[in-house]
Amino acid sequence: MDIGPINIIEKSDSKVYQVDFTLKEQAQQLWFEVSHCPSISLTNNADSALLALLLPAMLAKEDIHIKDAVSERLLFNLNGPYQSLVLQQIPFLNRINISAERCSSQVAAGEGVISGFSAGIDSFSTICDYFAEHSPKQLKITHLLYNNVGSHGVGEERLFKERYQQLRTTANKWDLPFIMVNSNMDDFYGKVLDFQLTHTIRNAAVPLLLQNHIAHFLYSSAYSYHDVFVGPSYDMAYSDLFSLPLMSTESLQSHSVGSEYSRIEKTLKVAQSEYSYEVLDVCVKGDSANNCSHCDKCLRTLLTLDLAGKLELYKERFDLAVYYQHKQHFIAKLLISDDPLLKEIVVWAKQIGQPFAIKHYLDAYCLLLKGLPKQLLVELKKPVKKILGAVGLYQAKQYY
Ligand SMILES: [Zn+2]
């Protein structure tokens, strides 16, 4: 994969960072369009392009050569430690070599602090900690960021713009610049590198566009210190604490923040912010900028608020009738789930004297029985695979 050189195009109401590259011998173009930030210039080095295209190149097993300047520190970390880490998490990727025509170890004089604002529990929690009276000066948020790097699902660009407009009212109340970044990055990841598996590196590529002005990028963590690990997983967030420092440059430090809390603690903290009553957005389903009130993320948040007696505060943001329709079945699912974010609700409900009823446990038992034939089939396949493997007719997935 040859990347570069970088082109910056100034439009009337936005700036575009664009770069040509080759993937599987096909000429391609990656672009980022940055708007709502008239006073900020874009960085003209290849740091963002390198982060954005690293995983597609590792998937295609293509070495990268950059025909432009890149941060010396970033190049070193992506060649070595970061690849070792990501190969443990996504074992079907390949180790590659990255080279660049020029390296730079210059430090920009930026002092800004930026964080994504999606109005979910994690990002609201970050605002509560890093945009408050008690926040340390050097880490106090000065800019908010809203990206389209593949998280908006069906509806994509229309939904991205709709959500931005909805959140902008809140950002304006805080008097914070709210930078919108659109990109075609998702086009190069394909189904196998889906968003949940790769979101950290996609999002970390964006603030590097702004590193002339921004010194710190705060990425809201999804998991607590208790649950983080490096290893095969469906969600890149499990390794954020280890990976984000490796995606930093001489000018911009990337941090994972918020792992000192459980999801419940974050939700209860956010429920003290009146801004959240107007814009809390936890939903990943649907094709509108509203919460569906019945997906797992909506139900997880609503059940926590319900147990805490805070549900009514959010009646404008959720359809509570829909929640009540799905509540019983969700509790049954919760009781048999391995997801740490769901398991902590079960423990907490007991701690606050609201354990789930016997009826819920019976429902959970029925759910478990329903899923049993599928699990049995998986178990039965194992010895067959072992025999086929021994005679060379089957090859198990290789883990790094
Ligand atoms: Zn939802």
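The values are calculated or read from the model by the stated rules, or taken from the named source; none is laboratory data. This one's a predicted model, so the numbers in the text were calculated from it and none came from an experiment. Methodologically, a virtual Cβ is constructed for each residue, glycine included, from the backbone with ideal geometry; neighbour enumeration extends over all protein chains shown.
State whether one or more residues within segment 199-221 are within 16 Å of the ligand (Cβ to nearest atom), in a loop (DSSP other than H, G, I, E, B) and over 24 Å from Met58 (Cα atoms).
no
Quick grid of which residues meet (1) surrounded by fewer than 23 Cβ atoms within 10 Å (Cβ to Cβ); (2) touching an Asp or Glu at 6+ places or on another chain (Cβ under 8 Å); (3) more than 24 Å from Phe242 (Cβ to Cβ):
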residue	(1), (2), (3)
Asp47	no, no, no
Ile66	no, yes, yes
Asn79	yes, no, no
Leu93	yes, no, no
Val113	no, no, no
Phe131	yes, no, yes
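Select from segment 252-290 the residues that are modelled with pLDDT of 90 or more, in contact with an Asp or Glu (Cβ under 7 Å, 6 or more places away or on another chain) and within 16 Å of the ligand (Cβ to nearest atom) and list them in ascending order.
Arg263
What is the residue count in segment 229-270 for residues that are among the acidic types (Asp, Glu) and within 16 Å of the chain's Cα centre (by Cα)?
Matching residues across segment 229-270 total 2.
Taking the stated definitions as given, is Ser251 of a type in the set (Gly, Ala, Ser) and not in a loop (DSSP other than H, G, I, E, B)?
no
Pairs only if they're at least six apart or on different chains, beta carbon under 7 angstrom, first in segment 315-333 and part of a loop (DSSP other than H, G, I, E, B), second surrounded by 18 or more Cβ atoms within 10 Å (Cβ to Cβ); list them, first residue then second.
Sorted first by the residue in segment 315-333, then by its partner, the pairs are Arg317/Leu280; Arg317/Asn291; Phe318/Asn291; Phe318/Ser293; Phe318/Cys298; Phe318/Leu302; Asp319/Ser293.
Condition (residue is within 21 Å of Gln106 (Cβ to Cβ), assigned by TED's automatic domain parsing to the domain that holds Ala108 and without any contact (Cβ under 8 Å) to a residue 40 or more places away in the chain) applied to segment 31-45: is it met by at least one residue?
There is at least one residue in segment 31-45 that is within 21 Å of Gln106 (Cβ to Cβ), assigned by TED's automatic domain parsing to the domain that holds Ala108 and without any contact (Cβ under 8 Å) to a residue 40 or more places away in the chain.
Here are Ser123, Ser118, Ser151: which of them is out of contact with any helix residue (DSSP H, G or I) (no Cβ under 7 Å at 6 or more places or on another chain), outside any helix (DSSP H, G or I) and hydroxyl-bearing (Ser, Thr, Tyr)?
Ser118
Does Ala49 qualify as being outside any helix (DSSP H, G or I) and hydrophobic (A, V, I, L, M, F, W, C)?
No: the conditions fail for Ala49.
May I ask you to list the residues in segment 133-179 that are under 19 Å from the mean Cα position of the chain (by Cα) and surrounded by fewer than 16 Cβ atoms within 10 Å (Cβ to Cβ)?
Gly153, Val154, Gly155, Glu156, Glu157
Sort out which residues of segment 291-306 are crowded, with 21+ Cβ neighbours inside 10 Å and within 8 Å of the ligand (Cβ to nearest atom), and write them in order of number.
Once the filter is applied, which keeps residues that are crowded, with 21+ Cβ neighbours inside 10 Å and within 8 Å of the ligand (Cβ to nearest atom), segment 291-306 yields Asn291, Ser293, Cys298, Leu299.
Filter segment 180-191 down to the residues that are surrounded by 16 or more Cβ atoms within 10 Å (Cβ to Cβ) and either basic (Lys, Arg) or outside any strand (DSSP E or B) (or both) and list them by number.
Asn184, Met185, Asp186, Phe188, Tyr189
Among the numbered criteria (1) modelled with pLDDT of 95 or more; (2) in a loop (DSSP other than H, G, I, E, B), which single criterion is violated by Leu305?
(2)
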